[in-house]
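Right, one structure below, let's go through it.
Since every read-out is calculated from the coordinates, none of them should be taken as a lab result. For clarity, every value in this text was computed on a predicted model and none was experimentally measured. Don't worry about glycine lacking a Cβ; one is built from the backbone with ideal geometry, like all the others, and counts go over all protein chains shown.
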Protein chains: 2
Amino acid sequence: MWIRDLSALECSKILASERLAHLACVDGRQPYLVPIYFVYSDHHLYSFSMPGHKIDCMRSNPHICLQVDERGQGPGWKSVIVQGRYQELDVSPELVREREHAWSLLSKHPFWWEPGSLKPIGQAVPRSADHYEHIYFRVLIDSVTGREAKDPGTQVP
Amino acid sequence: MWIRDLSALECSKILASERLAHLACVDGRQPYLVPIYFVYSDHHLYSFSMPGHKIDCMRSNPHICLQVDERGQGPGWKSVIVQGRYQELDVSPELVREREHAWSLLSKHPFWWEPGSLKPIGQAVPRSADHYEHIYFRVLIDSVTGREAKDPGTQVP
């Protein structure tokens, strides 16, 4: 297996083609980590969520990290890491355009409101994706890095 | 799609059957997130790594979070989140047994030293997995929680 750093363009292509990320945020000194769905557009990652622990963490400390995998059938992989800051797209007038942009991007995908809108059985579940409790947010990107690992039999670039 | 909390036993089974996790650690107020390989044994997660940013973070702040996915072909998934603390299994005499235990667990898997032993092309690469710079560590588990999401067509338990 050999490994190499990805270029900025290669990282952008992976962010544009994938939808599933892992998001890390921090509660005091304790990190917290969950999978999320996102859409990459105009150098931001857009997503949405129900209220909960990750939203509480990101409101308290906006520094977050996301990691996106691209895996095929073989042992090789590509991995992109985004360091950035949480920006909540609330209902304030100055953010209405960004909030609508987030909705228009996310709603292009089937079942886009899952799992962000889901709560476990026995807890309150909203009836639709436009329920007032849904929180749209985007990631203001500070840095993007990436790596690729490939089979030893493949040519090193 | 419906969602439910997993029992402690269900979480343990997933940790015992999977090898790939996402690990979040913290550098000051900034989280950092990487995929790692691990083995679950006697209520610890064992792994190893080359020196680098995640090791620096965990030495500075031992609080970490790991997330493990179990995904099939369909849209359903299971996700387990482990909150815990980093313990480095260094070469001190009181940890020699735990370090050997980590090695014996990890070395059962083919290519177990990848990607932990890999550095990008152009950076120094160790020649073998027992290179002195390799760092074995385990996670002292504080809490484990899990969720399962299933197709709406499947029966709610």
Problem - Pseudo-label separations to other copies for residue A:74 - Cα-to-Cβ vector, 7 Å, nm - result: 3.2
Practice task
Ignore the peptide's own chain and count Cβ atoms of other chains within 10 Å of each Cβ in B:14-27; give me the average, rounded.
Solution key: 4
Problem - Residues of the range B:30-64 with amide N under 13 Å of a point placed 7 Å along Cα→Cβ from residue A:142 - result: B:30-33
Practice task
State which entries of A:78/B:150; A:54/A:78; B:78/B:108; A:78/B:54; A:78/A:108; A:150/B:13 exceed 23 angstrom in Cα-Cα distance in the structure shown.
Solution key: A:78/B:150; A:54/A:78; B:78/B:108; A:78/A:108; A:150/B:13
Practice task
May I ask you to report, in nm to one decimal and beginning with the shortest, the distances from residue A:28 to the same position in the other copies, taking label points 7 Å along Cα-to-Cβ?
Solution key: 2.1
Fill in the blank from the handout: Partner shielding of B:54-66, taken as the mean number of other chain Cβ atoms within 10 Å, equals 2
Fill in the blank from the handout: Copies of residue A:90 compared via label points 7 Å along Cα→Cβ give distances in nm, shortest first, of 4.6
Exercise for the section: Along each of the three principal axes of the Cα atoms of the range B:1-44, give the extent in whole Å, ordering the values from largest to smallest. Expected result: 34, 30, 16
Practice task
Evaluate the charge dipole of the range A:65-112 about its Cα centre and quote only its size in Debye, nearest 20, assuming +1 on the Cβ of each Lys and Arg and -1 on the Cβ of each Asp and Glu.
Solution key: 220
